[in-house]
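A short write-up of the structure that comes next.
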Amino acid sequence: LATFLVQKGVPDLVFFPSLAPSATVYPRTPVEMGDPNLLVCLVDRFFPPVLNVTWLKNGHPVSQGVEETAFYPSVDTTFWKFSYLPFIPEDGDVYVCQVEHLGLSEPLQRIWSKQRGRRAPPSQL
């Protein structure tokens, strides 16, 4: 991301202290197998306001239908944003919201899955 910042003409942000984001993944509505829904990835408490969110389904990148909000400022000078993935839940599918940011040494991953007859595990690792 540092290279990206320099290419976009904002190299000064590379030298500010970075605050690593946190992330949470959850479905918009209660999940019913086979019914369309929306996965929400909330990324918050980060600085600078530059990051990359990637969705994975069963280990493969997904981009169709993905939407993101702008960066929103928090009162503590950090930022937050949402990324949305429309999906149709199927038994055994595993979804990952992966976040890359200057404050992270490696991508942050939050996992969501649901198996028939079982509650989904918490999205925080």
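Just so it is clear, none of the values below were taken in a lab; they were calculated from the coordinates. For clarity, every value in this text was computed on a predicted model and none was experimentally measured. Cβ coordinates were reconstructed from backbone atoms using ideal geometry, including for glycine residues, and neighbour counts include every protein chain displayed.
Using θ = phi - 60° and the Karplus form 6.51 cos²θ - 1.76 cosθ + 1.60, what ³J(HN,Hα) does each residue of the stretch 70-80 get, whole Hz, x for Gly and Pro?
Values per residue, Gly and Pro as x: 6, 7, 10, x, 9, 5, 8, 6, 8, 10, 8 Hz.
If you take every residue apart from Leu19 with its C-beta less than 11 Å away from the C-beta of Leu19, what net charge results, scoring Lys and Arg +1 and Asp and Glu -1?
The answer is -1.
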